[in-house]
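Report on one structure; see the data block that follows.
Just so it is clear, none of the values below were taken in a lab; they were calculated from the coordinates. What you see is a predicted model; the values in this text were computed from it and never measured. With ideal geometry, Cβ positions are generated from the backbone for all residues, glycine too; neighbour counts draw on all protein chains shown.
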Amino acid sequence: MLVALRALALPLVLALGACSQETMLLESDVPLPDGMSTVRSADIRRAAGTVSGGTFLLSGPVTDARGDLELCSSRYADAGWFVVKSDGNSDTASAIYAKDTRVVDLTLRRRALEPRMSMGSLTVQTPVRAPTP
């Protein structure tokens, strides 16, 4: 019986691992840049089933920070966020997005020697008054 359970468990674990690509921050409505995942987080707050605050360190591929940020901006727009500000170049780019009462500050930094191991930072805040479009 134990051998049969182990035989069933291995394919299940492999299937779950294959589907572990993160696309949203902590199962919320905050998109992550393609291929990036959260490696460290602090001060996480949740309200009404979504992330209302926190700071997150991201890791993953960044080949062109500005271009990757523009691709991510379309994912934010699809999730109901609007761009407040966007700036940067191929090495470092940042954007501020707003939705309802929340603001997200996303920065991508391309690692020159190893772009696949680049970094990003994402901060979610619920200020007293959110920016308007």
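Observations
- Dipole axis of segment 22-131 (+1 Lys, Arg; -1 Asp, Glu on Cβ), positive-most option in Thr63, Val84, Thr101: Thr101
- Packing-based exposure ordering (other Cβ within 10 Å, fewest first) of Lys85, Lys99: Lys85, Lys99
- Pairs of Cα atoms farther than 19 Å apart, segment 50-133, %: 36
- Residues listed by number, segment 39-55, amide nitrogen under 17 Å from Asp105 label point at 7 Å toward C-beta: 41-45, 52-55
- Karplus 3J(HN,Hα) series, Hz, for segment 69-85 with 6.51 cos²θ - 1.76 cosθ + 1.60 (x for Gly, Pro): 5, 5, 4, 5, 4, 5, 5, 5, 4, 4, 8, x, 8, 10, 7, 8, 7
- Using R0 = 30 Å, the C-beta based FRET efficiency linking Thr55 and Leu113 works out to 0.70.
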